[in-house]
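**Q** Pasting in a structure now, in structure tokens, and then I'll have a few things to ask.
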Amino acid sequence: MTQQTPAPSGPPAGCPAHDGAVPLSGLEYQQTPSQLYRSLRREHGPVAPVLLDGGVPAWLVLGYSEVSYVTAHDELFARDSRRWNQWEHIPEDWPLMPFVGYQPSVLFTEGAEHQRRAGVITHALEQVDQFELARDCAQIADRLISAFAGSGQAELMDAYAHALPMVAAVQMCGMPHAGSDTQDLVDDLRISLDAAEGDDPVAAYVRVGERIQNLVKEKRERPGADVTSRMIQDEAGLTDEEIVQDLISVIAAAQQPTANWICNTLRLLLTDERFALNVSGGRLSVGEALNEVLWLDTPTQNFIGRWAARDIQLGGRQIRAGDCLVLGLAAANTDPQIWPESHVGAENAAHLSFSNGEHRCPYPAPLLADVIARTAVETLLDRLPDIVLSVDPRELTWRPSIWMRGLTSLPVSFTPVVQ
Ligand code: HEM
């Protein structure tokens, strides 16, 4: 799969398609990606040449109709990253390796094999009772809030937004209740998706795998009413290795985007006066805030990706077989082609935040994510009704991730609750 060569310092010499390619990283990108998407669209159209970490060339698909087309045609734009024509330039410790390097998981399977694996996940998730999930999430939320409610202040990213969906996801999968193991899993997943200085994302990903392996072993011996046991019992007969791989995908896919969905919604509610609590009761609802975030500040802002199965034209670009396409989900949602009046409405659910096509976030995961996020936000506002941001909104900073749009911290204050 991978080679030991050093990372390249730029696009391959003489690659005319990547003239003017823009790095998808850096401070400007992190804080205001929408401006970068706008200027890329102006300069390059709906498919722009970009550079991933280490200067590795890829295409960012920015257009709503182009992302829809790419995701709807998996025979042309396939999911198995071993198709990439850049592997010889990628070092083993490349920071994006954990979720771009091929793994034998549902994420990278294609055709009939993908249908088999995704089917098992769908069946297992379908049996999650949404009312029970809401009740469990309200209890998790209560526990987390009680831990800081007496102090009158909190940093919600660590204390709440990341912890809640992680505990909900591992409980759904039948992992023993929250403990230090669960916290380690949260930390390792976060490191493997967007490592900070000094982190080792590849080692973190290995630790995630070891924890899930233990879970599958336990559930083979003592099955329960949980997603892991249902995947083991499915008549598709997945091997333990396949189940471990797919459970990592389920938990990672559930935790990170749902955490950022919660945090971006709380940020909107705490900073935008349309949502401010007021005596006239005229505020927009939590449901409207959740939906607006999916259009304007979607948690999975980019997804890597798809790999061209053959030479093909897209958005006026000549894509070569094996080229990598990054799905620009955030850019597509705000494409001026679908919002000609330059006003992004958020009235419906036609955004691409859950992607599209064969590999889209599998039914019923978006519904479960909605239950988790909605319960998290509503419970917090119920318990701490006078909660306010404790810094100027302009001081909030975004995490340095190409995948995820989420804050580094969300400090709040409120009247301390005597318990
Ligand atoms: C309970 C919560 C969730 C679960 C269990 C879940 C599960 C999954 C799984 C298993 C996949 C892989 C699908 C495949 O390759 O066939 C996936 C993909 C994806 N999910 Fe979710 N997810 C959850 C929440 C979310 C949220 C909140 C978002 C963003 C708003 C999201 C966005 C995506 C995207 C963009 C993909 C990639 C699809 C592609 O390759 O085109 N998911 N999800």
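Each value in this text was obtained by applying a stated rule to the coordinates, not by laboratory testing. Just so it is clear, the model here is predicted, and its values are computed rather than measured. Glycine gets a Cβ as well: all are built from the backbone with ideal geometry, and neighbour counts include every protein chain shown.
**Q** Calculate the all-directions average of the projected area of segment 196-239's alpha-carbon convex hull, and give it in nm². Don't jump to the answer; show the numbers that get you there.
**A** Working: hull surface 16.3 nm².
Over every viewing direction, the Cα hull of segment 196-239 projects on average to 4.1 nm².
**Q** Let me ask something else about it. Charges at C-beta only: +1 for Lys and Arg, -1 for Asp and Glu. How large is the resulting dipole of the chain about its Cα centre, in Debye rounded to 20?
**A** The calculated dipole for the chain is roughly 440 debye.
**Q** For every helix of n ≥ 4 consecutive DSSP H residues, a contribution of -39,500 (n - 2.57) applies; sum these over the chain, divide by its total residues, and give [θ] at 222 nm rounded to the nearest 500 deg cm²/dmol.
**A** -14000 deg cm²/dmol
**Q** Here's something else I'd like to know. Provide the FRET efficiency to the nearest 0.05 for the residue 338-residue 221 pair, computing r from the beta carbons and using R0 = 51 Å. Don't skip to the end; give the middle numbers.
**A** Values: r = 51 Å, r/R0 = 1.01.
Given R0 = 51 Å and the Cβ-Cβ separation, E is 0.50.
**Q** Could you let me know the centre-to-centre spacing of segment 213-233 and segment 353-419, using Cα atoms, in angstrom?
**A** 30 Å
**Q** Then there's this: Using unit Cβ charges (K, R positive; D, E negative) and no other charged atoms, how large, in debye to the nearest 20, is the dipole of segment 62-123 about its Cα centre? Could the numbers behind the result be given before it?
**A** Numbers: 5 positive and 9 negative charges, 45 e Å.
Using Cβ point charges on Lys, Arg, Asp and Glu, segment 62-123 gives about 220 debye.
**Q** Can you work out the Karplus-derived ³J(HN,Hα) for every residue in segment 68-85? Use 6.51 cos²θ - 1.76 cosθ + 1.60 with θ = phi - 60°, whole Hz, and x for glycine or proline.
**A** Those phi angles translate into 4, 5, 4, 6, 7, 10, 6, 6, 9, 10, 9, 9, 7, 6, 5, 6, 4, 8 Hz.
**Q** Taking H as built 1.01 Å from N, whose amide H comes closer than 5 Å to the amide H of residue 22, not counting residues under 5 places away?
**A** Excluding prolines and chain starts, which carry no amide H, the hits are 50, 51.
**Q** Same structure, new question: Using each residue's phi in segment 37-51, evaluate 6.51 cos²θ - 1.76 cosθ + 1.60 at θ = phi - 60° and report the 3J(HN,Hα) Karplus result to the nearest Hz, with x for Gly and Pro.
**A** So the J values, rounded to whole Hz, are 4, 4, 6, 5, 5, 5, 7, 10, x, x, 10, 10, x, 9, 10.
**Q** A follow-up question, please. With all pairs of different alpha carbon atoms counted, what Kirkwood hydrodynamic radius in Å does segment 255-410 show?
**A** 17.3 Å
**Q** For residue 65 and residue 132, calculate 0.36 nm times their separation in residues minus their Cα-Cα distance, and state this gained length in nm to one decimal. Intermediate values should be presented prior to the final figure.
**A** Numbers: separation 67, 0.36 × 67 = 24.12 nm, distance 3.77 nm.
Computed gain between residue 65 and residue 132 is 20.3 nm.
**Q** Can you tell me the length gained on complete extension of the stretch residue 236 to residue 388, counting 0.36 nm per residue apart and subtracting the Cα distance?
**A** Values: separation 152, 0.36 × 152 = 54.72 nm, distance 4.96 nm.
Extra length available between residue 236 and residue 388 comes to 49.8 nm.
**Q** Now a separate question. Let me test this: with uniform point scatterers at the alpha carbons of the chain, what is the Debye-based log₁₀ I(q)/I(0) at q = 0.08, 0.10 1/Å?
**A** -0.43, -0.69
**Q** Fully extended, how many nm does the chain gain between residue 110 and residue 214 (0.36 nm per residue separation, minus their Cα-Cα distance)? Please report the intermediate quantities before stating the final value.
**A** Values: separation 104, 0.36 × 104 = 37.44 nm, distance 2.74 nm.
Gain in length upon complete extension: 34.7 nm.
**Q** Right, here's the next one. When a footprinting reagent is the concern and you count Cβ atoms within 10 Å, what order do 132, 378, 221 take, fewest first? Let's see the in-between values first.
**A** Working: 132 12, 378 17, 221 6.
Ordered from fewest to most neighbouring Cβ atoms within 10 Å, 132, 378, 221 come out as 221, 132, 378.
**Q** Another one. For an R0 of 30 angstrom, estimate the FRET efficiency from the Cβ-Cβ distance between residue 92 and residue 187 and round to the nearest 0.05. Could you put the intermediate results ahead of the total?
**A** Values: r = 22 Å, r/R0 = 0.73.
Computed FRET efficiency for residue 92 and residue 187 comes out at 0.85.
**Q** Amide H neighbours of residue 319 under 5 Å, counting only residues 5+ apart in sequence or on other chains, H built in-plane at 1.01 Å?
**A** Correct list: 312, 313, 314.
**Q** After finding the eigenvalues of the alpha carbon gyration tensor for segment 339-419, what semi-axes result from the square roots of 5 times each, listed largest first in whole Å? Kindly include the intermediate steps, with their values, before the conclusion.
**A** On the way: eigenvalues 175, 73, 43 Å².
Equivalent ellipsoid of segment 339-419: 30, 19, 15 Å, largest first.
**Q** ³J(HN,Hα) across segment 55-64 via Karplus (A = 6.51, B = -1.76, C = 1.60, θ = phi - 60°), whole Hz, x for Gly/Pro?
**A** x, 7, x, 7, 10, 9, 8, 9, x, 4
**Q** Taking R0 as 41 Å, what FRET efficiency do you get between residue 350 and residue 418 from their Cβ-Cβ distance, rounded to the nearest 0.05?
**A** 0.35
**Q** Evaluate the charge dipole of segment 181-317 about its Cα centre and quote only its size in Debye, nearest 20, assuming +1 on the Cβ of each Lys and Arg and -1 on the Cβ of each Asp and Glu. Can you show the working numbers first?
**A** Details: 14 positive and 24 negative charges, 89 e Å.
The dipole of segment 181-317 has a size of about 420 debye.
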